[in-house]
Amino acid sequence: MKSANSVFSSLGTTIFETMSRLAQAHNAVNLGQGFPEGLEPAEVVAKAAQALTQGSNQYPSMLGTPELRQAIARHEQRFYGIHADPQTQVLVTSGATEALAACLFGLIEPGDEVIVFEPLYDSYLPIIRRAGGIPKPVRLYPPSWEIPRDELVKAFGPKTKLVLMNNPTNPSGKVWTRAELDFLAAQMRMHDALAVCDEVYEHLVYDGQSHIPLMTLPGMADRCLKVGSAGKIFSLTGWKVGWVVGNHTLLTPVIKAHQFLTFTTAPNLQAAVAFGLDQGDAYYRGLVSTLAARRDRLAAGLAKVGFDVFAAPGSYFINAGFLRLPGKPTDAEFCLDLTEKCGVAAIPVSAFYDDGQDQKVVRFCFAKTEAVIDEAITRLQRYFG
Ligand code: PMP
Ligand code: GLN
């Protein structure tokens with residue numbers, strides 16, 4: 001038999017699916033895969049239900065419904081002062097995962113170099129490689145996860161086509177500083193590079209900090225595509241409604257890729273997301289304060305158990321080192337044991353590196369109910385004595 005595509009056939013199953021299946025099999029508290037619990041806004045869900053029974057159930061425009069594209073444009077203007085024409089500069093996708101794939105398939109030519117930052121979200125490398133791109137990883141180190149300026153300068157070269165960046169960052173929880181963004185923007189201008197900005201956690205920034213889209217920096221509007229996800233904004237990750245906003249020339253090949261990936265996205269969910277994006281400031285502020293409190297609750301519990309807990313200024317995730325706990329497992333072994341024997345699932349941070357090398361760090365999702373967080377801490381305390 002002839003061989004299948006080498007990029008995909010060499011891959012294992014994504015760590016999120018693997019750990020969630022394991023958590024289910026062992027009845028573990030699942031702090032692994034990043035999905036929230038107890039935060040779904042009832043009025044947004046009700047809007048989807050209403051649209052399902054009373055609205056259209058046929059193909060909407062491949063660009064997204066006009067209502068949702070207009071709502072996304074309003075959202076970008078309201079929070080960042082970004083002007084996006086809903087007719088030509090907004091594309092609705094089936095989640096950010098599809099948005100990222102469409103961006104990479106639409107922009108990369110075989111042989112193009114793509115700068116990425118490790119640890120990175122696990123869909124990036126396979127899609128870059130399947131598009132014929134060559135990943136140029138820049139490594140970040142805990143606990144600060146600061147951008148290493150020298151390494152970033154070295155990563156750029158004549159073949160650099162684009163930078164795939166994620167802010168706030170999964171898994172590290174990093175929020176890029178203005179100085180880091182300025183530095184990246186200067187390199188992009190110098191090397192005539194583009195950026196795909198995965199900003200799915202844009203509203204999940206804590207401690208009074210605010211999110212700065214790379215696109216808003218001088219000269220960046222024509223170089224950046226900004227990716228968003230309703231899954232994260234409304235704690236409805238199963239909905240898979242995402243989008244891409246940006247310059248029409250850059251967006252055009254992305255739309256062409258999207259038309260043959262998924263073509264379009266459930267119209268009822270689009271209607272509900274369009275409604276949701278116009279929620280008042282209280283909704284967005286409430287999400288931040290609720291999640292920050294849950295983060296603090298989990299961080300305090302993990303510290304008491306003996307983990308070295310890193311700062312988590314953004315996203316759903318807390319990272320923690322376990323070197324002070326007994327045994328000398330790899331992070332993958334640690335997470336396996338934790339799920340099977342202690343009944344708490346987490347994600348080994350090695351899964352976010354191309355070489356899968358042990359980092360001795362694990363990622364916990366804190367977007368859970370207080371009861372779930374407390375149960376996880378009780379189990380950890382019992383297990384580690
Ligand atoms: N990018 C990052 C960094 C993520 O953590 C996620 C989470 N699933 C996605 C993209 C994909 O988002 P979606 O569920 O909208 O496809
Ligand atoms: N983004 C989520 C996480 O990092 C998972 C998404 C998925 O399972 N594909 O946990």
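Every number here is computed from the coordinates shown, using simple stated rules; none is lab data. Keep in mind the model is a prediction, meaning the values are calculated, not measured. Ideal geometry is used to build each Cβ from the backbone, glycine not excepted, and the neighbour counts take in all protein chains shown.
List of remarks:
- Note on region 228-303: with charges restricted to the Cβ of Lys and Arg (+1) and Asp and Glu (-1), its dipole about the Cα centre is near 220 debye.
- Peptides 92-105, 184-197 ordered by average Cβ neighbours within 10 Å, highest first: 92-105, 184-197
- Of all beta bridges that DSSP places with both ends in the chain, some 50 percent have antiparallel geometry.
- Rounded Å value of the spacing that divides the Cα centres of region 95-166 and region 1-50: 23
- Dipole check for the chain: with +1 at the C-beta of Lys and Arg, -1 at the C-beta of Asp and Glu, and the Cα centre as origin, the magnitude is about 220 Debye.
- Estimated 222 nm signal from helices in the chain, with DSSP H stretches of n ≥ 4 weighted -39500 (n - 2.57), rounded to 500: -12500 deg cm²/dmol
- For region 371-383, backbone phi angles converted through the Karplus equation (6.51, -1.76, 1.60; θ = phi - 60°) give residue-by-residue couplings of 4, 5, 4, 5, 5, 4, 5, 4, 5, 5, 5, 5, 5 Hz, Gly and Pro being listed as x.
- Taking the fewest neighbouring Cβ atoms within 10 Å as the starting point, the ordered list for Val309, Val200, Val7, Val349 is Val7, Val309, Val349, Val200.
- Taking a straight line from the alpha carbon of Lys256, these lysines sit under 24 Å away, with near neighbours fewer than eight places off in the same chain left out: Lys159, Lys161, Lys226, Lys240.
- Estimated at 0.36 nm per residue, the fully extended path between Tyr141 and Lys328 surpasses their Cα-Cα distance by 65.3 nm.
- Under a 5 Å amide H cut-off, with hydrogens placed 1.01 Å from N, Thr160 pairs with Glu113 among residues at least 5 apart or on other chains.
- Under a Gaussian network description of the chain, with springs only between Cα atoms under 10 Å, the residue in Lys328, Lys174, Lys47 that fluctuates furthest is Lys328.
- Those aspartates and glutamates that a straight Cα-Cα span of less than 16 Å connects to Lys304, excepting residues fewer than 8 apart in one chain: Asp296, Asp374, Glu375
- Computed from the C-beta positions of Ser3 and Asp281, the FRET efficiency with R₀ = 45 Å rounds to 0.25.
- Simple Cβ-charge dipole of region 87-219, Lys/Arg +1 and Asp/Glu -1, about Cα centre, in debye nearest 20: 280
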